[in-house]
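Engineer: Here's a structure for you.
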Amino acid sequence: GQQVMQIPQYQHVQEGEDFTTYCNSSTTLSNIQWYKQRPGGHPVFLIQLVKSGEVKKQKRLTFQFGEAKKNSSLHITATQTTDVGTYFCAGPTSGTYKYIFGTGTRLKVLA
Amino acid sequence: NAGVMQNPRHLVRRRGQEARLRCSPMKGHSHVYWYRQLPEEGLKFMVYLQKENIIDESGMPKERFSAEFPKEGPSILRIQQVVRGDSAAYFCASSAQGSTGNEQFFGPGTRLTVL
């Protein structure tokens, strides 16, 4: 079945360093969504990408959707302690209403 | 505008008991998704419902688990005869439209512990 993998699984960075998480799907996706989950919290929607090669920015966050629509990345510039949490990508399975969530990347930011 | 509400936030059950989890979607949303999350793991899709209809239950175990979303009232995820392996966080999410490509708003989750 469809799989969505993320790397790395964990990332520790010093505050001010950059961070990138990569999302790879075994199948082509019609769109991809990114969510953030703080420790002990619930997932919060960040963004959705639809077009091949699309790049969107939200302040220090840059999201990219691959040309083949099978991979995506999230890059955070100059991390802050408020960026701590787990970042998930999610993509829909073809022909269904089901979103497959990636394995997640847990980010820790050291002050 | 209140967000997605789930109750209870924490639920403790003994093996063999029933667990009933409730989810009230955001106002104006008629599509509800249930997910399960084990500690340190990702979200696993369980079921997608619209008002009075189950659209996709392919992620939900065939036995002991059931879900409903009645015309009136919250969506209910019911787990009968719970076992220790059912211990997890159960999140529901709602969206304004059911077709893929719409933002899902998540509730705070119900943390189920089976003793």
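The values are calculated or read from the model by the stated rules, or taken from the named source; none is laboratory data. It should be emphasised that the depicted structure is a prediction, and the values quoted were computed from it without experimental measurement. Quick reminder, even Gly has a Cβ in these numbers, built from the backbone with ideal geometry, and neighbours come from all protein chains shown.
Engineer: Looking only at region A:90-111, count every residue that is assigned to a strand (DSSP E or B) and within 9 Å of the chain's Cα centre (by Cα) and tell me the total.
Structural biologist: Within region A:90-111, the subset assigned to a strand (DSSP E or B) is A:90-92, A:99-101, A:105-110.
Now drop any that are not within 9 Å of the chain's Cα centre (by Cα), which leaves A:90, A:105.
Selection size over region A:90-111: 2.
Engineer: Restricting the first residue to region A:72-99 and requiring it to be on the phi > 0 side of the Ramachandran plot, which pairs with a second residue that is outside any loop (DSSP other than H, G, I, E, B) meet a Cβ separation below 6 Å and a spacing of at least six or different chains?
Structural biologist: Listed by first residue and then by second, the contacts come to A:GLY85/A:LYS36; A:GLY85/A:GLN37.
Engineer: Mind listing just one residue for me: the one in region A:72-100 that is at pLDDT 95 or above and facing chain B (nearest Cβ under 9 Å) and, of those, farthest from B:SER94 (Cα to Cα)? So that I can check it myself, show each step before the final result.
Structural biologist: Taking region A:72-100 and keeping what is at pLDDT 95 or above, we get A:72-89.
The next check asks that each one be facing chain B (nearest Cβ under 9 Å); those that pass are A:86, A:88.
Working: A:THR86: 21, A:PHE88: 18 Å.
Selected residue: A:THR86.
Engineer: A further question follows. Among the numbered criteria (1) within 13 Å of another protein chain (Cβ to nearest Cβ); (2) in contact with a His (Cβ under 6 Å, 6 or more places away or on another chain), which single criterion is violated by A:VAL44?
Structural biologist: The one condition A:VAL44 does not meet is (2).
Engineer: Next question, about the same structure. Out of the residues in region B:94-115 that are within 14 Å of chain A (Cβ to nearest Cβ) and within 19 Å of B:PRO61 (Cα to Cα), state the one that is surrounded by the most Cβ atoms within 10 Å (Cβ to Cβ).
Structural biologist: Our first condition is that a residue be within 14 Å of chain A (Cβ to nearest Cβ); within region B:94-115, this holds for B:94-111.
Those still in the list that are within 19 Å of B:PRO61 (Cα to Cα) too: B:110-111.
Values: B:THR110: 22, B:ARG111: 17.
Checking each candidate, the answer is B:THR110.
Engineer: Follow-up question, since we're still on this one. Determine whether region B:93-105 contains at least one residue that is in a loop (DSSP other than H, G, I, E, B), among the hydroxyl-bearing types (Ser, Thr, Tyr) and in contact with a strand residue (DSSP E or B) (Cβ under 8 Å, 6 or more places away or on another chain).
Structural biologist: Of region B:93-105, the ones in a loop (DSSP other than H, G, I, E, B) are B:96-104.
Next, from what is left, pick out any that are among the hydroxyl-bearing types (Ser, Thr, Tyr): B:99-100.
Those left that are additionally in contact with a strand residue (DSSP E or B) (Cβ under 8 Å, 6 or more places away or on another chain): B:100.
Yes, region B:93-105 contains a residue that is in a loop (DSSP other than H, G, I, E, B), among the hydroxyl-bearing types (Ser, Thr, Tyr) and in contact with a strand residue (DSSP E or B) (Cβ under 8 Å, 6 or more places away or on another chain).
Engineer: Which of the strands (runs of 3 or more DSSP E) found entirely inside region A:12-89 contain at least 1 residues meeting this: in contact with a Phe, Trp or Tyr (Cβ under 6 Å, 6 or more places away or on another chain) and not aromatic (Phe, Trp, Tyr)? Can you show your working first?
Structural biologist: Values: elements: A:19-25, A:32-37, A:43-49, A:55-58, A:61-65, A:71-76.
Qualifying strands (runs of 3 or more DSSP E): A:19-25, A:32-37, A:43-49, A:55-58, A:71-76.
Engineer: Out of curiosity, is B:SER75 more than 29 Å from B:GLY16 (Cβ to Cβ), touching a strand residue (DSSP E or B) at 6+ places or on another chain (Cβ under 8 Å) and not acidic (Asp, Glu)? Steps first, please.
Structural biologist: Details: more than 29 Å from B:GLY16 (Cβ to Cβ): no; touching a strand residue (DSSP E or B) at 6+ places or on another chain (Cβ under 8 Å): yes; not acidic (Asp, Glu): yes.
For B:SER75, the condition - more than 29 Å from B:GLY16 (Cβ to Cβ), touching a strand residue (DSSP E or B) at 6+ places or on another chain (Cβ under 8 Å) and not acidic (Asp, Glu) - is not met.
Engineer: Restricting the search to region A:47-59, which residues are surrounded by fewer than 14 Cβ atoms within 10 Å (Cβ to Cβ) and either more than 13 Å from chain B (Cβ to nearest Cβ) or free of Cβ contacts under 8 Å to residues at least 12 places away in the same chain (or both)?
Structural biologist: Of everything in region A:47-59, those that are surrounded by fewer than 14 Cβ atoms within 10 Å (Cβ to Cβ) and either more than 13 Å from chain B (Cβ to nearest Cβ) or free of Cβ contacts under 8 Å to residues at least 12 places away in the same chain (or both) turn out to be A:SER52, A:GLY53, A:VAL55, A:LYS57, A:GLN58, A:LYS59.
Engineer: Another one. Within region B:51-86, take every residue that is crowded, with 16+ Cβ neighbours inside 10 Å and in a loop (DSSP other than H, G, I, E, B) and give me the one that is nearest to the other protein chains (Cβ to nearest Cβ).
Structural biologist: Selected residue: B:GLY59.
Engineer: Does A:LYS69 satisfy the condition of being within 14 Å of chain B (Cβ to nearest Cβ), more than 25 Å from B:MET46 (Cβ to Cβ) and either buried (at least 21 other Cβ atoms within 10 Å of the Cβ) or not hydrophobic (A, V, I, L, M, F, W, C) (or both)?
Structural biologist: Values: within 14 Å of chain B (Cβ to nearest Cβ): yes; more than 25 Å from B:MET46 (Cβ to Cβ): yes; either buried (at least 21 other Cβ atoms within 10 Å of the Cβ) or not hydrophobic (A, V, I, L, M, F, W, C) (or both): yes.
Yes; evaluated as a whole, the condition is true for this residue.
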